[in-house]
Amino acid sequence: MARPVTLCTLQWGDLPLETVCEKAKAFGYDGLELGLPNHLDVRRTDQAYYDGIKELLAKYDLQLYCISIHLISQAVCDTIDQRHKAVLPDCIWGDGEPEGVRQRAAEYMVQTAHAAKALGIDTVAGFTGSPIWHWLYSFPPVTDQMIEDGYADFAHRFIPIMDEYQKLGIRYGLEVHPTEIAFDTYSARKALDALNNHPAFGFNYDPSHMGYQGVDYVDFIYQFSDRIFHVHMKDVYWSDTPKQIGVFGGHSTFGDSRRFWNFRSMGRGRICFEEIIRALNDIGYQGPLSVEWEDSAMDREHGARESCQFVKQVDFQPSGHAFDAFFDKQ
């Protein structure tokens, strides 16, 4: 049986959830990854509310496997500034005092785990933020101790959250991504070490954020085979030749043709999804393949539809036997 293909609703936050359900079903998706805060209010504690969400998805024959908390969880470890005000709900931003924002974001993460439990799912995906990302490639040089202190701060904030997740039987998948505490294989290992390999903490695998950096995104699957809790299917293009705007993206917006890299609709970038599927088969991943669609140059409905078709075409289940197992007739 093929893995379910789901649509992440973060990029559809301007539409009511029922409208997104209608569109996702028409596009061919098997389910949704609900994006916060627009499509779910995790502050609600009444089971009837969550039963209503499940009934709405069932109305369109859609399954739910994961909640996406990227926008809020970014604030847990970040240095807070006006950028966060633009993406955080008022209940998290409050008066904007940085430590208060971080603490409210952490509390919201725990509320999200309770919401996942009420919805009958076991996975939440998101970010962590980072107290040390702004020191990347910096001058004057950063000391090793400054980096270690940053990981210690991450652990101080995230271990209590992960303890609550573990109590509830919920897993948290960090999307390895520039601006997070983990943005490549090396830093992902440091993040796990900082949390003493906490069993509730793993990864929301997304190859698009590694490919243009020059990170081996297929090897990442093998390195963390027991920590791939969820999978985002997202493509990215990067140039074979130098561009005016390099790998750091300059101070440009996504979609600018002068950039070295840009996200693209599935199958139109440079990620080798064939190798990803084979690696996921090797590690026994049977969870959803969730399309997080981002392509500044394409109509999103066109992109969401073609991406669903692409994923269903590229996915396949592993064989139960070697192809030459039946050559010997003895």
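The values are calculated or read from the model by the stated rules, or taken from the named source; none is laboratory data. Everything numeric in this text was worked out from a predicted model, so none of it was measured. Neighbour counts run over all protein chains shown; Cβ positions are idealised from the backbone, glycine included. Please note that ligands, DNA and RNA were not included when accessible areas were found on the heavy atoms of the full protein model with its side chains. Shrake-Rupley method; radii C 1.70, N 1.55, O 1.52, S 1.80 Å.
Sort out which residues of region 29-60 are free of Cβ contacts under 8 Å to residues at least 40 places away in the same chain, open to solvent by less than 10 Å² (accessible area, probe 1.4 Å) and in a helix (DSSP H, G or I), and write them in order of number.
Once the filter is applied, which keeps residues that are free of Cβ contacts under 8 Å to residues at least 40 places away in the same chain, open to solvent by less than 10 Å² (accessible area, probe 1.4 Å) and in a helix (DSSP H, G or I), region 29-60 yields only LEU57.
Taking only pairs six or more apart or across chains, which ones have beta-carbon atoms under 9 Å, a first residue in region 143-154 that is touching a residue at least 24 places away in the same chain (Cβ under 8 Å), and a second residue that is of a type in the set (Asp, Glu)?
Final answer for the pair search is TYR151/ASP193.
Among the residues of region 61-87, what is the count of those that are closer than 22 Å to ILE170 by Cβ and not aromatic (Phe, Trp, Tyr)?
Here is the first cut: in region 61-87, the ones closer than 22 Å to ILE170 by Cβ are 62-77.
Those still in the list that are not aromatic (Phe, Trp, Tyr) too: 62-64, 66-77.
Qualifying residue count, region 61-87: 15.
What's the number of the condition PRO131 fails, among (1) open to solvent by less than 20 Å² (accessible area, probe 1.4 Å); (2) touching a Cys at 6+ places or on another chain (Cβ under 8 Å)?
With (1) open to solvent by less than 20 Å² (accessible area, probe 1.4 Å); (2) touching a Cys at 6+ places or on another chain (Cβ under 8 Å) applied to PRO131, the lone miss is (1).
Given the options ALA26, ALA2, name the one that is at pLDDT below 95 and either assigned to a loop (DSSP other than H, G, I, E, B) or out of contact with any strand residue (DSSP E or B) (no Cβ under 6 Å at 6 or more places or on another chain) (or both). Please lay out each step first, then the result.
Numbers: ALA26 fails: at pLDDT below 95.
The conditions single out ALA2.
Take the residues in region 61-84 that are surrounded by 14 or more Cβ atoms within 10 Å (Cβ to Cβ) and without any contact (Cβ under 8 Å) to a residue 40 or more places away in the chain; name whichever of them is farthest from ILE181 (Cα to Cα).
Ranking the candidates gives HIS84 first.
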